Amino acid sequence: MSEERTLQIQEISAHPGPVPGQGTQRAVEVCKYIDVTTCIGCKACEVACVEWNDHPFRETTFDNTYQTMPSTEWNYWNLIKFAEQERDGNMMWLMRKDQCMDCEDPGCLRACPADGAIIKYQNGIVDFQQDNCIGCGYCISGCPFDIPKFNPRTKKVFKCTLCSDRVGQGLEPACIKACPTGCLHFGTKEDMVQIANTRATQLKKESGFQNAGVYDPQSVGGTHVIYVLHDITKPEMYGGLPSNPVIPPSYTVWKWLAKPTGLLMAAFGIFAVFFHRVAVGPKVAQPEAEPVLTHQPDEAEAARKERP
Amino acid sequence: MSSSVERFDEKARRKFSRYGQTVVHLGELLRHPVYTRVLHWSVAISFILSLLSGFAIYSPWLYRWLAPLFGGGPMTRFLHPWFGLLFDLAFFFQFLNWFAPMHWTGADRKWVRQVKSYVSNREALAPQDTGFFNGGQKLYFWIIVVSAIFFLITGVLMWFDNVVPRWLVAVSYVLHDIAALAMLAGFIIHIYEGTAAQPGTFQSMTNGTVTEEWAWTHHPAWYAEVTGRDPREDYERARRRQAERHHAMDDWEREQDERERVARPQTPGARVP
């Protein structure tokens, strides 16, 4: 969203050639760490997100849970997913803050065909540039977390920016600032992974959650939003967090290998027919037209007229 | 196909012939009536528009070249599906129009087997059983039929990709591209064969006519069908006549030279013939 280039760009969608300024600045990878086990579902982060991004207040959808609406929307980027689980005969309420995961290898950016519509900063934030967005929606199918959302009126796609405008100015994201329980943290990726691991170990040792662990899926190169879950083996029960998020191969192998090959073949085809014409020549209707006369026709005519 | 399609085609052909016309000059044959020509160019224009706008989205290396042609990325994205629908619609009518002559026969199987001699121009005349369309043209037609179906199904899925399941869009994306590349290969050959490779072919889609020589050279069985004459015999006759004409011309030339030589008084230093 942010237009001011306070952050150094690392990757640009559908951009042939190098990224200007890539690697010219020192930048640490940032990370949001969400401790699902201490979330109380107060939705302060949801409100902070709406406020900071000046989103209009919109209707909510009631579907027999405390969840604000079924999924994030193009102008509602931060949503706590409420899920009920049974544990030792008791009800356990799982509340997971859902937003863009800022993948190290972003499926949305891989899928995007518009030059500069999606950029990834060196600090790991993936950001949409609506000015360059063509509204094709490929990012929606490229994302394993179902985060980019289409605005049917402007025909552009929107998502959480990890408050790149705030982070660029040295501030923490709005949701972090609003959290009252301290279940949200923001810092360098290295630090956050360390804190998350400590917390997971603590959950195992002191709270009896034997499967507690850190959610930082390596299938997308790790994410810049990480979770600590009570049960890392079943992330799906936290409102559909995929255990093995993958980018469709059509946006990786096909786009960057098969497509250029197709173009080369087309170019080869054009060369082939051109050189066929040069080397083999045309198929002329038979019998071919008579050869050009040795005398010009009018000369022959003049000669005929000279006859006595 | 059913006779209702034939009746529809017949009606359309009659209607278009009332507005347009095809002038068949001496020594020419009617190849494509007005209706066929209008359909062909509707398909061609909508395909080229679809191809260029689609190629903009197809590859990052083409985006900056082609998107400006249609008023930028968002406009390209908006127009491409509509160009595609236009293409599918135009091609649907062309499909009905050409379904009968595109029927695959034993002659086409033979043509495909002998494609090497076609490409290398080893034979001056096409095989005697080559009808209104040859095997290559029919092959291209059926590639377009399959591609058009794929374009439509996968295209609609990608058009509404914010509601279609993720994996379906990802699969459609690949199939749409493959259909486009297959058709592009045929398209390149088609343009070449219709212009530079076969002089006299392009006018069949502009004037609607071809010369008799063109017909017995490239589509002998069709020539036999419309003229009721033997294409090989007519070709031999034309060749014989051409040879005789050459001989007569040579004789005339020699006679002229001789006459000049006799008429001119022999002077020293005169030009030796």
Taking N as the residue count of chain A, its alpha carbon Rg divided by 2.2 N^0.38 Å gives 1.57
Here the alpha-carbon Rg of the stretch B:136-273 over 2.2 N^0.38 Å rounds to 2.04
Taking chain A and counting helices only, DSSP H stretches of n ≥ 4 at -39,500 (n - 2.57) each over all residues, the nearest-500 ellipticity at 222 nm comes to -7000 deg cm²/dmol
Residue-ordered couplings for the stretch A:93-108, obtained by feeding phi - 60° into the Karplus form 6.51 cos²θ - 1.76 cosθ + 1.60 and rounding to whole Hz (Gly and Pro as x), are 9, 9, 10, 10, 6, 9, 6, 4, 8, 6, 4, 5, 10, x, x, 5
Over all directions, chain B yields a Cα convex hull whose mean projected area in nm² is 23.9
Quick calc: nm separation of the 7 Å Cα→Cβ label points for B:Arg14 and A:Asp63 -> 5.9
Exposed trypsin sites (Lys or Arg not before Pro) being those in a DSSP loop with at most 10 other Cβ atoms within 10 Å, the longest stretch of chain B free of them is B:123-270
For chain B, the longest principal axis of the Cα atoms and the Cα long axis of helix B:135-159 enclose an angle in degrees, to the nearest 10, of 20
From the cross-link list A:Lys43/A:Lys159; A:Lys32/A:Lys234; A:Lys97/A:Lys159; A:Lys283/B:Lys116, the entries with a Cα-Cα span beyond 23 Å are none
Subtracting the Cα-Cα distance of B:Glu6 and B:Gln203 from 0.36 nm times their residue separation yields 68.3 nm
Charge tally for neighbours of B:Phe99 with beta carbon under 10 Å away, counting Lys, Arg as +1 and Asp, Glu as -1, is -2
1/(1 + (r/R0)^6) with r = Cβ-Cβ of B:Leu30 and B:Val163, R0 = 45 Å, i.e. FRET efficiency to nearest 0.05, evaluates to 0.35
In deg cm²/dmol, rounded to the nearest 500, the helical mean residue ellipticity at 222 nm of chain B, built from -39500 (n - 2.57) for every DSSP H run of length 4 or more, is -23500 deg cm²/dmol
Helix B:34-58 sits off the longest principal axis of the Cα atoms of chain B, rounded to the nearest 10 on a 0 to 90 degree scale, by 60
Using alpha carbon positions and the Kirkwood radius, the Rg to Rh ratio of the protein assembly as shown is 1.21
So for R0 = 60 Å, FRET eff. of B:Ala263-A:Ser219 from the Cβ-Cβ r, to 0.05, ends up at 0.05
Helix B:3-19: inclination vs chain B longest Cα principal axis, degrees, rounded to 10, gives 60
One finds the C-alpha centres of the stretch B:51-74 and the stretch B:10-41 to be spaced, in Å, by 36
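Every number here is computed from the coordinates shown, using simple stated rules; none is lab data. Since the model is a prediction, treat every value here as computed from it, not as a measurement. With ideal geometry, Cβ positions are generated from the backbone for all residues, glycine too; neighbour counts draw on all protein chains shown.
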